[in-house]
Every structure is written in C-alpha cells, then in structure tokens.
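**Student:** Structure incoming, see below.
The values are calculated or read from the model by the stated rules, or taken from the named source; none is laboratory data. Worth saying up front: this structure is predicted, and the values here are computed from it rather than measured. Please note: Cβ atoms are built from the backbone with ideal geometry, for glycine as well, and neighbour counts cover all protein chains shown.
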Amino acid sequence: MTTLKTKDREWYRQEILPYFPEPLKSWLDRITVQDLAQLEEIRLRIHRPVLLQIGGKNSWLTEDGKIIPAGSGIPFILEQALLQKIIALISQSSFYALETELGQGYLTLKGGHRVGFAGEALLEQGVLRGMKHLSSLNFRLAREITGIADKVLPLLIDYPNQRIYHTLIVSPPGAGKTTLLRDLVRLVSNGIPGLWPGTKVGLVDERSEIAGCFQGIPQNDVGLQTDVLDGCPKAQGMLLLLRSMSPKVIAVDELGKEEDAASLWEMLHAGVTVIATVHGHNLEELRQRPIMGEFIKNRIFQRVVLLSRRQGPGTVEQVLDTVPSVWKPVNRWEGCLP
Amino acid sequence: MKLIGALLILSASTAMGILAGRRLAARPRQLQRLRNDLMYLETEINYGATPLPEALGKLVKYSQWPVTVLWQETLSSLANGEGLMAEEAWRHGIHSFAEKADLTKTDLAVLRDFGTGLGMTNRHEQLKKFKFIQEQLGSLHSQAEVLRARHERMWRTMGILGGIALIILLY
C-alpha cells in the first residue's frame, strides 16, 4: 500500500510556505490538493519566472498569482529583493551560518525537504568552499512514501541464512531510489511479521536525503533499529558505523567514488550486508563505469533492483538475482521463498 | 514660608543637576555595554556559527538594561513569524531602544548603519562589520567619557549653585 504521509496541505503550510514572503506565500497556497500531491520542486531563479514542477510538468506563477502551465499567460518575474528575502528566511537571517551547506550546495529543512543553491562559487585552493550571490534556489519537496518496499524486501531476503542479500538499487534521477532505500531501511530495521525479524541498520546519510535529518534528528521514519550518521562522507561513515554501532546492514545512497569502493570491500569482509543505490538507467550503462563496473562484473551485489519512471516515480522494473551465472529476475517473490 | 520655598527651589535644582549628571554618565556606560554585547555576538557568529535568533536569545540573558531592550526587540521582530529580515528587525530594535537609552543621534546612527546587511553575508564579511562598529563605538565611547569627566561634576554643582542663585534673586 502506497500512502502519502499527509493528504491535506497542513504539512505544506508548516514546512514549506513559511520560507516564502508575501505575495509568493499566498499565491503558492492556492495550489490545488491534486497538484500539491504531485508537487516535486519549486524553482526560483533571479529575473526569471517561478516554476513549479508538478508531476514532471512545469507550471509557473502569473503576475496575478495564478498557477498555470508554463508558457501561457504573463509570468511573475522574481526580483533580487524577494530572492534575498527567501534566502533570509531559509537561513533564519544568518547567511554566515550556512558555510557548510553552501559548500555542499544544499540545505536540509525541517521535514526533510531540501533547498539546492547555485550562484557564484567561492574557491579556496581549487576546492569549493562556499557560494555567494545566490541566483537560483530549488526547493525539492521530500515525500515520505512508506509501503513501496513491502513487495521488494521479500525478494532480498536470504531465507536459509536469515540475512539480507547485498543489494544495489539502480535508478535514473527522480525515479525514487532514495524513497525506496528509505523504506527498505525502515522495513529491514523494523522487520515484517512472519518473514523477517528486523535487525540493526547503520545508515550513512551523506546528503541528508534518506533520514532527512534536521539538526541531527531524523525527520523521516527510518525504523526502530536504525542508527543514522548524518552528513558524513560515505567511505568514512561506513567504517565509522561498523566500528561504533555494530550494524548487521549498512545502507548508503549514491555510490560511485573511488574511496567508496575500498570501504565497500571492508564491509563485505566484515560480514555486513550492504544496501546501496546508484545512478543509472540500466546495467549495461553501469558496466561501463570504472568503479561500479567492477562491482557488477564481480557480482558483489547479489540482488539488483532496477527502477524507472515508467508508471511514475518508484516503478520497480526488475529485481535480478545475480548469484547464478545467468542473472534471472526474481519478480515473483513467492518464487524465492524457501 | 519663604524658607520652605527656598528649600524647595534648592532641592529641585539639586535634583535636576544630579539627573543631568547621571544622564551624562549613562551614555558612556551604555556605549561600553553595547561594545561588550557586540563582542559577544561576534564570538557567537565567528566561532559558533550560531543563527541570529539563537544568538540574540543568549544576548537577552547576558545583557543589561536598557541595552537588553535592543536585543529583545530585535529578536521578537525577527521571530514573530512575519518573515522580517534581520535588517528590518534591527530597525525595530533600535527604535524601541532609542526611547530607553541615553544615547545621542550620532550613536544611534552608527547602530542603525550596522543593521544594513546584518546576517546576510558570509562570516568574513560579517566580521568586518563588527570590527568597524567596534571602532566607531570605541571612539564615541572615549568622547562620551571625556564629556562625562568634564561636565558631570559641573552639572551637579551647577544644580546647587543655580538653586542658590535663584533663591538670592527672589529674596
């Protein structure tokens, strides 16, 4: 069962609208409940229209505050003063306190939503240190959708050995890999009666997207037995959690750096199960990549979950069993029960 | 009867002299208080990267009347949910503070200037603002101190002497 956390707009009024000054605030509040359910992004660019991405389509705000499909009517143009005000509101008038966030390029808000920044980069010895003169903001609305892993998790359990298979979630951007990972973490942690007892999970949430931590406290339900290491680089984070929290399962988002590979090997040798996600449209594409290609070829991950946007974000295309030499789908989960 | 009148005049003029002297002494004290508080705020921003509302909350407890009015009013304007920027909230703060303080127009103008861009640039830029206002308040403070040393006693004596002079004239 896929259910939205909140059907009404109360969360939107409490978690999103307070960051917008008038008149944007009341205009954005005019969004219909149907559109709100599909609202993915609010994009603000200086001297350009305010765009709302609703279900993959763009709408914009008009001069008189209506939300209509982009390209029609006369759009409202965002001026510098208003953008500054939004920046003041998201930073509590404390731009100086955002140094780390500006270096990362985004800020996590209460509720796990996040604001991405673009502007003039500040470099220090060639390393991105922060930004000034912000010109673009992107509010990405976090939707905690629980239930989408219900059908997937049973495919990932090694029933005879009572453990979870090493799993790689492959997905193009915006196809719900983080959402699936979050829900998997919750289920692996809490357990499913009769199928899986639940276990200790260590979650390295480098980009604060999975648990959506606000000041260190998870805003999303990531399960009863989950320890979250927020904002830590994956490679270091995995090793740290392994030593400090003795997890049975470690979950990370967006693998792909060289140092990730070394840590991943460490995890595999320590007997910890790894659940990870990676950007990609299909396996062929992944095989071509230097780091991930190695993992795929060596069949490190025993299960591969392929996602797409075919029937909206979170469409599970296939779950592959990589243990036999010919990888076979395990889509019918009854088939893999002992 | 005349004696009672004379006493009344004398005590009134003495009190006026003392009050004027006190006001003169209050200004350097408040300027110094402001400098201390701003240094505290600077530390919060520089080392703690504390967001303004939180830092102001601490200052409200740390500061003393009447300077605390400035922090209190700025904080409540900032946090009342109307979405004011720090700069605007600061103006509200100064407005309420000016009524309670014994500061001159120049002092208040310096404080007002400080509000421009408050919180809205990176740490490095913010620190420059603090350095600048410290220098300005520093020189205002020494001026105020000189004025106080020169005139505080004078006002007091003037109060008494003026009273006596008035009594003699009326006699």
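**Student:** Which residues, taken from the range B:30-54, are more than 14 Å from chain A (Cβ to nearest Cβ) and either touching a Lys or Arg at 6+ places or on another chain (Cβ under 9 Å) or not in a helix (DSSP H, G or I) (or both)?
**Tutor:** B:40
**Student:** For the range A:241-267, what are the residues that are in a helix (DSSP H, G or I) and under 22 Å from residue A:301 (Cβ atoms)?
**Tutor:** A:241, A:242, A:258, A:259, A:260, A:261, A:262, A:263, A:264, A:265, A:266, A:267, listed by residue number.
**Student:** Examine the range A:190-202 for a residue that is within 21 Å of residue A:145 (Cα to Cα) and assigned to a helix (DSSP H, G or I), and state whether such a residue exists.
**Tutor:** Yes, some residue in the range A:190-202 is within 21 Å of residue A:145 (Cα to Cα) and assigned to a helix (DSSP H, G or I).
**Student:** Out of the residues in the range B:30-69 that are among the hydrophobic types (A, V, I, L, M, F, W, C) and in contact (Cβ under 8 Å) with a residue 40 or more places away in the chain, which is surrounded by the fewest Cβ atoms within 10 Å (Cβ to Cβ)?
**Tutor:** So, considering only residues that are among the hydrophobic types (A, V, I, L, M, F, W, C) and in contact (Cβ under 8 Å) with a residue 40 or more places away in the chain, the one surrounded by the fewest Cβ atoms within 10 Å (Cβ to Cβ) is B:39.
**Student:** Then there is this: Output the residues belonging to the range B:113-145 that are of a type in the set (Lys, Arg) and crowded, with 16+ Cβ neighbours inside 10 Å.
**Tutor:** Passing the criteria: B:123, B:129.
**Student:** Quick one: which of A:90, A:77, A:86 is without any contact (Cβ under 8 Å) to a residue 60 or more places away in the chain and β-branched (Val, Ile, Thr)?
**Tutor:** Within the list A:90, A:77, A:86, the selection yields A:77.
**Student:** Checking residue B:109 against (1) away from every other protein chain (no Cβ under 14 Å); (2) touching a residue at least 12 places away in the same chain (Cβ under 8 Å); (3) of a type in the set (A, V, I, L, M): exactly one of these is not met. Which one?
**Tutor:** Going through the list (1) away from every other protein chain (no Cβ under 14 Å); (2) touching a residue at least 12 places away in the same chain (Cβ under 8 Å); (3) of a type in the set (A, V, I, L, M), residue B:109 breaks only (2).
**Student:** Here's another thing I want to ask about it. Checking the structure you have, find out if any residue of the range B:22-29 is more than 17 Å from residue B:133 (Cα to Cα), more than 12 Å from every other protein chain (Cβ to nearest Cβ), in contact with a Leu (Cβ under 7 Å, 6 or more places away or on another chain) and modelled with pLDDT under 85.
**Tutor:** yes
**Student:** Pull up the range A:96-139, narrow it to residues that are over 14 Å from residue B:121 (Cα atoms) and of a type in the set (Phe, Trp, Tyr), then point me to the one that is nearest to the other protein chains (Cβ to nearest Cβ).
**Tutor:** Restricting to residues being over 14 Å from residue B:121 (Cα atoms) and of a type in the set (Phe, Trp, Tyr), the top hit is A:117.
**Student:** Tell me, which residue of the range A:247-300 that is among the hydroxyl-bearing types (Ser, Thr, Tyr) and in contact (Cβ under 8 Å) with a residue 40 or more places away in the chain is surrounded by the fewest Cβ atoms within 10 Å (Cβ to Cβ)?
**Tutor:** Ranking the candidates gives A:273 first.
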